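These notes concern the structure reproduced below.
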Amino acid sequence: MFVLIRYPKPLQKENTIGVTAPSSGVDEALHQLVHDAKQQFENRGYSVEVGDTVWTQQKAASASKEVRAAELMAMLKDPSIAAIIPPWGGELLMEILPLLDWDEVEPKWLLGYSDSSTLLFALTIKTGIATAHGPNLVEMRSDEWEPVASKFLDVLHAAPGATIYQTSSTKYQSQWQHDAPNDPYVYKLNTDTKWKVIGEDTVHMKGRFLGGCIDTIRHLVGTPYGDVASFQKNYGNDEPIIWYLENCELNSTDFHRSLLQLHYAGWFANAAGIVFGRSPAGQEVKGFTVFDSMERIQELTGLPIIYDADVGHVPPQITFVNGALGVVTVAHGKGQVEIHFS
């Protein structure tokens, strides 16, 4: 039975944003990053509630899987919390998925990337609730917010039926500089942005968005949290998917194996195309490059492929909405993303 995608209520000023760490917490030496980001949201008129898991980190996670799941579920079920933004990603979010009460989740915005995308992806697949793939909390800790990344607020404020337009950045940050001052914002943009297309000069894709960090969401293949075909049938009206994927740490051959796994699992069977984000990884292996992989995937699937887009670990990044209808257009190295809340 086809059910419409459920969009969370628009975030309003004076609403409460919950901060919990379902994957990694924040080491004590970096607690100030959370305090600074909390202050910036409060300066803009929101309340912020920070959970206990945010302040701890042990054995590659903020807390035990039971504690992480319980705190997340408490915020998901709390009607006073309008949106949830983890401090950042991590490694082991997948542990908590079987512990969540999926039938008890009411629509509210979840925002993040990296390992947080594991939760966003699973939530949309399992429930048909739209989720937002965009910047992490600690990246919003400066007085001024970078124009491309800060469009997440337009997404979270959008009313049903709205359309959000986003355009590619002018410049991106080539490497992280954690000790650089937040002046004017956290990102230090120093390299010209150019969205590229395999084998073409222009491309136009239309479908429903779905994606995240390939390092983590690939492990959902074959699980109840990665049943893409059922998602398309139950919530997507069998409309094609615009896949957006970003690579955090995989070298070129692991990247290629992962894409083949997604293809063999049928994730690309009913798709409009793939958008790959810029990557800090993708190291060449014996002459085999990420570009080679993307060319082979295009040959295998016949899908149009965009790469070096504003997605993921090389900021700034556009906010994509899992489950939403959308259009992606690239021409002359510039990209435009439309998100339709329908």
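The values are calculated or read from the model by the stated rules, or taken from the named source; none is laboratory data. Computed from a prediction, not measured in an experiment: that's the story for all the values here. Glycine gets a Cβ as well: all are built from the backbone with ideal geometry, and neighbour counts include every protein chain shown. Ligands, DNA and RNA are stripped out before the accessible areas are found, and what is left, the full protein with its side chains, is counted by its heavy atoms. Shrake-Rupley method; radii C 1.70, N 1.55, O 1.52, S 1.80 Å.
Below, the figures for the structure above:
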read-out	value
Hey, Gly112 surrounded by 23 or more Cβ atoms within 10 Å (Cβ to Cβ), at positive phi and not hydroxyl-bearing (Ser, Thr, Tyr) or not	yes
Subset of segment 158-178 (residues that are touching a strand residue (DSSP E or B) at 6+ places or on another chain (Cβ under 7 Å), part of a loop (DSSP other than H, G, I, E, B) and open to solvent by 30 Å² or more (accessible area, probe 1.4 Å))	Ser174
Qualifying positions in segment 328-340 - open to solvent by less than 10 Å² (accessible area, probe 1.4 Å) and under 21 Å from Phe121 (Cβ atoms)	Val328, Val337, Ile339
Lys126 vs. criteria over 20 Å from Gly323 (Cα atoms), open to solvent by 60 Å² or more (accessible area, probe 1.4 Å) and modelled with pLDDT of 95 or more	no
Filter result for Ser80 (touching a residue at least 40 places away in the same chain (Cβ under 8 Å) and exposed (fewer than 14 other Cβ atoms within 10 Å of the Cβ))	yes
Enumeration of residues in segment 139-157 that are surrounded by fewer than 20 Cβ atoms within 10 Å (Cβ to Cβ) and among the aliphatic types (A, V, I, L, M)	Leu153
Residue satisfying condition, being crowded, with 24+ Cβ neighbours inside 10 Å and not acidic (Asp, Glu), within set Pro135, Pro181	Pro135
Criterion violated by Leu110 - all others in (1) of a type outside the set (D, E, K, R); (2) in a helix (DSSP H, G or I); (3) free of Cβ contacts under 8 Å to residues at least 60 places away in the same chain; (4) touching a Leu at 6+ places or on another chain (Cβ under 9 Å) satisfied	(2)
